[in-house]
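Encoded as structure tokens, the structure appears first; notes follow it.
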Amino acid sequence: MEEKLKQEPSNIIKVVLFGPESTGKTTLSEQLARYYNTVWVPEYAREYLQEKWNNTRKTCEPHDLLPIAEGQMRLENMLTKKATDILICDTDLLETKVYSEAYYVGDCDPLLEKYAVKNTYDLYLLTYIDIPWEADDLRDKPNEREEMFLYFQKTLEKYERKFIILKGSKNERLKTAVEHIDNLLEKR
């Protein structure tokens, strides 16, 4: 089980889109991958939970979190091998940990927590809540966006992750993200 949550070694730059639901992470992941001519790692939880919802009309439960984490790392490790100099990740295990704690009263599986903290990335792009909420089958916290944003920010601060906050339009966010990623590339 532990092996399934580990990052495979790599010397490419890894950037994570991080933040509450419906804040533009997937859109920006796609934009950045196109801009840098690389691949991006989609959020495995969306695929997993949409299939669960379609089949049972049930939402995420605590026992779903480890399979979600395993699927996320399987995708990340596979796509790392296909990336150019940079890999864009629509999420990571630290985000899964945040949702586990937010939805299940502070609880997080110890194995998920271990790798959420242990796996490393070069930069987190924390997406702000200044874009309109878009409802779907899986999103359910439209009135808690500010609270969730602060939880995400405090998590990055707690684990001393390098991050920037992205605000504004899609183009403004892309421009800011590119500036910071280009700085990382120049230092390599």
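The values are calculated or read from the model by the stated rules, or taken from the named source; none is laboratory data. Model, not experiment: these values are computed from the prediction. A quick note on method: Cβ atoms are made from the backbone with ideal geometry, for glycine too, and the neighbour counts reach across all protein chains shown.
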**OP:** Go through (1) surrounded by 16 or more Cβ atoms within 10 Å (Cβ to Cβ); (2) closer than 27 Å to Leu174 by Cβ; (3) at pLDDT 95 or above; (4) within 15 Å of the chain's Cα centre (by Cα) and name the single condition Ile86 misses.
**Re:** (4)
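So which helices (runs of 4 or more DSSP H) stay within segment 19-120 end to end and still have 1 or more residues that are within 24 Å of Thr176 (Cβ to Cβ) and either of a type in the set (Ser, Thr, Tyr) or in contact with an Asp or Glu (Cβ under 7 Å, 6 or more places away or on another chain) (or both)? Reasoning before the result, please.
Values: elements: 25-35, 44-56, 65-80, 93-103, 110-118.
Where helices (runs of 4 or more DSSP H) fall fully within segment 19-120 and carry at least 1 residues being within 24 Å of Thr176 (Cβ to Cβ) and either of a type in the set (Ser, Thr, Tyr) or in contact with an Asp or Glu (Cβ under 7 Å, 6 or more places away or on another chain) (or both), they are 25-35.
This table checks each residue for (1) crowded, with 16+ Cβ neighbours inside 10 Å; (2) out of contact with any Leu (no Cβ under 8 Å at 6 or more places or on another chain); (3) not β-branched (Val, Ile, Thr).
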{"site": "Tyr104", "(1), (2), (3)": "no, yes, yes"}
{"site": "Asp109", "(1), (2), (3)": "yes, no, yes"}
{"site": "Thr155", "(1), (2), (3)": "yes, no, no"}
{"site": "Tyr159", "(1), (2), (3)": "no, no, yes"}
{"site": "Glu179", "(1), (2), (3)": "no, yes, yes"}
{"site": "Glu186", "(1), (2), (3)": "no, yes, yes"}
Subject >> Which numbered condition Met78 fails, given (1) surrounded by fewer than 17 Cβ atoms within 10 Å (Cβ to Cβ); (2) in contact (Cβ under 8 Å) with a residue 60 or more places away in the chain; (3) closer than 21 Å to Asn37 by Cα; (4) within 17 Å of the chain's Cα centre (by Cα) >> reply: (2)
Original post:
Using beta carbons and a limit of 6 Å, which pairs, at least six apart or on different chains, have the first residue in segment 118-131 and more than 14 Å from Glu160 (Cα to Cα) and the second one among the basic types (Lys, Arg) and not in a loop (DSSP other than H, G, I, E, B)?
Top reply: Thr127/Lys25; Ile129/Arg145
